[in-house]
Structures are given as C-alpha cells and as structure tokens.
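Chemist: Pasting a structure here, questions to come.
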Amino acid sequence: MCHEAFYGELNIARDFSGPIRFNLENSNIQLDQPYFLKTGDSQQLLLKIRVPQGTPEGDYYFTFLSQNVPGKLAEGSSQPIAQGAVGANLLISVTQTGVFESDARISQLKSKCSIYA
C-alpha cells in the first residue's frame, strides 16, 4: 500500500510501515481482501486516514492500489488472462501548528513507457 520516492522512481512495498493508519469505511469490503465486481459495475471505496497524536512532522507518501485478480479458466481453455491495477497517490503532510509551508514543485512528470504507442 505504501511507496517510497527515490530520485523519481517508485518502489511499491507490500508491507505497510509508518505511523499513519488506513482502513476502509465500506462495511462489505476490507483492505487486502478480494471483493467481486461484475463487468460494468463500479464501487466507491471510502478510505479513512488516521494520523495519531504525536506523529512526527513531515511528508508521508503512499499509493492506494486496487488490483484485479484474474478468474480461473476452465480446464483446456486458452483464453488470455489480463491483470491490471489502478493507483491513487497520496501525500499527507503532518504539522503540529497547522501551518504548511512548501517550496516543492513538480518540474517534470514523465513515464518510461507509453500506452499511446
């Protein structure tokens, strides 16, 4: 669920670490548990973010991922299997005073691969 930025590269970590806590407010869906979504349907995911008292000031970076789990194929079937994921990047800035100062700017945003090739 979380990632660390290192010279613009993203490293997705399977295990969560850090003081900030997440859970889903959806009553029928849990983090790290698969759920069924029929073709053409949509599902709103309500992510609750909790910053505990005493969390050190600073910026915390996370990616919330939703990934499909391919279904099982019938024996002898030769259909292709597709797998994909959608991610939402989160930047959570923690300050004790409520004052947020930042000189950060995105100077360039580019991908190594293109889906429009």
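The values are calculated or read from the model by the stated rules, or taken from the named source; none is laboratory data. None of these values were measured; they are calculated from a predicted model. Reconstructed Cβ throughout: ideal geometry from the backbone, glycine too, with neighbour counts over all protein chains shown.
Chemist: Taking the residues in segment 76-93 that are among the β-branched types (Val, Ile, Thr) and touching a Leu at 6+ places or on another chain (Cβ under 8 Å) as candidates, determine which candidate is nearest to residue 59 (Cα to Cα).
Modeler: Let us first name the residues in segment 76-93 that are among the β-branched types (Val, Ile, Thr), namely 81, 86, 92.
Those still in the list that are touching a Leu at 6+ places or on another chain (Cβ under 8 Å) too: 81, 86.
On the way: 81: 38, 86: 23 Å.
Filtering segment 76-93 for residues that are among the β-branched types (Val, Ile, Thr) and touching a Leu at 6+ places or on another chain (Cβ under 8 Å), the one nearest to residue 59 (Cα to Cα) comes out as 86.
Chemist: Then there is this: Mind listing just one residue for me: the one in segment 41-71 that is of a type in the set (Val, Ile, Thr) and at pLDDT 90 or above and, of those, farthest from residue 84 (Cα to Cα)?
Modeler: Here the residue is 55.
Chemist: Something else: Which residue is surrounded by the fewest Cβ atoms within 10 Å (Cβ to Cβ), if the candidates are limited to segment 28-80 and must be assigned to a strand (DSSP E or B) and among the β-branched types (Val, Ile, Thr)?
Modeler: Step one: filter segment 28-80 for residues assigned to a strand (DSSP E or B), giving 47-50, 58-67.
If we keep only those that are among the β-branched types (Val, Ile, Thr) as well, we get 49, 63.
Details: 49: 13, 63: 15.
Residue satisfying both the conditions and the ranking: 49.
Chemist: Can you name the residue in segment 81-117 that is among the small types (Gly, Ala, Ser) and surrounded by 10 or more Cβ atoms within 10 Å (Cβ to Cβ) and, of all such residues, is modelled with the lowest pLDDT?
Modeler: The first filter runs over segment 81-117 and keeps only residues among the small types (Gly, Ala, Ser), leaving 82, 84-85, 87-88, 93, 98, 102, 104, 107, 111, 114, 117.
Now narrow it down to the ones that are surrounded by 10 or more Cβ atoms within 10 Å (Cβ to Cβ): 85, 87-88, 93.
Numbers: 85: 81, 87: 84, 88: 87, 93: 89.
Taking the candidates together, the pick is 85.
Chemist: Please enumerate the residues belonging to segment 1-22 that are assigned to a strand (DSSP E or B) and modelled with pLDDT under 90.
Modeler: Kept after step one, since they are assigned to a strand (DSSP E or B), are these residues of segment 1-22: 2-6, 9-13, 21-22.
Of everything in segment 1-22, those that are assigned to a strand (DSSP E or B) and modelled with pLDDT under 90 turn out to be 2, 3, 4, 5, 6, 9, 10, 11, 12, 13.
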